[in-house]
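The values are calculated or read from the model by the stated rules, or taken from the named source; none is laboratory data. The model shown is predicted, which means the values in this text are computed figures rather than measured ones. Cβ coordinates were reconstructed from backbone atoms using ideal geometry, including for glycine residues, and neighbour counts include every protein chain displayed.
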Amino acid sequence: MKTIIKYTFLYLLGIFVISSCSDFEEINVDPKAASGEQVQVEYIINQAIIQAQQNPDVAERAFVLYWKTASRQHRHNGALTTGSYNEEWTGNYYNQISQWLKSANLAISTSDEKIENGTGHVYSANLKQIARIWRVYLMSEFTDIFGPMPIDAFSGVNPEFNNVKDVYYFMLSELKEATEALDLSVTNPDGLKNFDPAYGYDYAKWKKYGNSMRLRLAMRLSEVDATKAKTEFEDAAKGVLILTDADDFKVTEKPGWDNLSGVMSREWNAQTLSSTLNNLYLGLGGVKSADQLDAKFDSKIKPAGYIGLKFENHLTTMTNDPSRGYWMDGLPNVIDPRAYVAFPIPGDFDNPNFSFFPSWTNDAKTVKRNLLDDEGGVVLEFDGTYTWNAASYG
């Protein structure tokens, strides 16, 4: 009897131990984590695209303070325009774009796994091609800014960095292969489009985007590798391309503080017109201000060749700006029509595009200011209403 009880006890104890081990294994499984079968490629691509739209943290440092400043698209009197840089801004973008590339590479490897193990969908191969195309865009941004980069990155090993030529050859090859591999006959389920903020997984548009990017990258090689540039450009030009606004790559911005917030939406960034961009607008010219603007501006439009009032004792002449020392007390006779769209005229407060930022000051609404002499006496009062000026750097 004792023997029966003993073995019964050991049997029950064994069952308890096995059950406990199973419970411990369950404890080690994160109930909120997705398994390999649950992860969908479209989710990862969606993340890779949205991440690259830049949250306000990286957008201000990379897009506004670096890119716009370096290209003179606005007047930011500091950083690259005055011969300095900020290592923190550089590192911020480097870290962010590395994460975007990680997502793009994960989308590709996940596609391969699903196709190989038979858990994919009829559209899985196409999603892989889209991930490849998007990865090329991100790689082009990285290598154009930082130079050499690893082609075989995010594979679990410390990668070797490739020179820029090899990176460009790889990108061009990827675009050719990926666009050719897209199957335009595939029909998507209705909900799939919700996970592509740019094209809604419209494969025809992605094909145009990939071919057009290949054209763009080929042109960048024209001065350093003319033969390769010509070959790639002519081959890409044979394919379908972005020729209308309807095919543009667009991601809708939203208010807030996340990846979909507008890159130029922070109120404290004035982003005023630079003299460099203004000279391009004036040099291109071609369209009379009178033909672009409402009649209320007519009295402020100046004759052709007029550049303003000279105040050499108050405005610096130590620049190479053709209008140095002058203040334009009206509007130019002719100007590129994009100028008035991008930079609303001072004092045109009824313009729905007029920016009143920053909202906590009256800077945008202040159009009058006194010009003082050395003793502080008022020489005259400036009225900037319906005038067009851009200051130089320095």
Hey, Glu60 more than 19 Å from the chain's Cα centre (by Cα), among the acidic types (Asp, Glu) and either under 28 Å from Leu273 (Cα atoms) or not assigned by TED's automatic domain parsing to the domain that holds Met149 (or both) or not:
no
Subset tally (residues that are surrounded by 10 or more Cβ atoms within 10 Å (Cβ to Cβ) and not in a loop (DSSP other than H, G, I, E, B)) for segment 374-394
4
Return yes or no: is Ala270 of a type in the set (A, V, I, L, M, F, W, C), at pLDDT below 95 and closer than 30 Å to Asp348 by Cα?
yes
Among all residue pairs at least 6 apart or on different chains, which show Cβ distances below 9 Å where the first residue, located in segment 268-282, is at positive phi and the second is aliphatic (A, V, I, L, M) and outside any helix (DSSP H, G or I)?
Gln271/Met264
Across segment 70-93, what is the total count of residues that are over 14 Å from the mean Cα position of the chain (by Cα) and either of a type in the set (D, E, K, R) or assigned to a helix (DSSP H, G or I) (or both)?
13
In segment 239-266, what residues are acidic (Asp, Glu), part of a loop (DSSP other than H, G, I, E, B) and either closer than 21 Å to Leu175 by Cβ or touching a strand residue (DSSP E or B) at 6+ places or on another chain (Cβ under 6 Å) (or both)?
Asp248
Take the residues in segment 229-257 that are of a type outside the set (Asp, Glu), touching a residue at least 60 places away in the same chain (Cβ under 8 Å) and surrounded by 12 or more Cβ atoms within 10 Å (Cβ to Cβ), then tell me which one is farthest from Thr143 (Cα to Cα).
Gly239
Which of the residues that make up segment 318-358 are assigned to a loop (DSSP other than H, G, I, E, B) and hydroxyl-bearing (Ser, Thr, Tyr)?
Thr319, Ser323, Ser355
Qualifying residue in segment 357-373 (condition: surrounded by 16 or more Cβ atoms within 10 Å (Cβ to Cβ), of a type outside the set (D, E, K, R) and under 19 Å from Lys288 (Cα atoms)):
no
Taking into account only those residues within segment 378-394 that are at pLDDT 95 or above and of a type in the set (Ser, Thr, Tyr), which is nearest to Tyr281 (Cα to Cα)?
Thr387
Check Trp67 against each of (1) more than 30 Å from Asp183 (Cβ to Cβ); (2) assigned to a loop (DSSP other than H, G, I, E, B) and name the one condition it does not meet.
(2)
I need a count of the residues in segment 114-125 that are in contact (Cβ under 8 Å) with a residue 24 or more places away in the chain and surrounded by fewer than 15 Cβ atoms within 10 Å (Cβ to Cβ).
2
Look through segment 265-306, keep the residues that are β-branched (Val, Ile, Thr) and surrounded by 15 or more Cβ atoms within 10 Å (Cβ to Cβ), and return whichever of them is farthest from the chain's Cα centre (by Cα).
Ile301
Pick from segment 213-223, criterion without any contact (Cβ under 8 Å) to a residue 40 or more places away in the chain and among the hydrophobic types (A, V, I, L, M, F, W, C), ranking: surrounded by the most Cβ atoms within 10 Å (Cβ to Cβ):
Leu215
Can you name the residue in segment 165-190 that is within 26 Å of the chain's Cα centre (by Cα) and of a type in the set (Gly, Ala, Ser) and is also nearest to Gly210 (Cα to Cα) among such residues?
Ala178
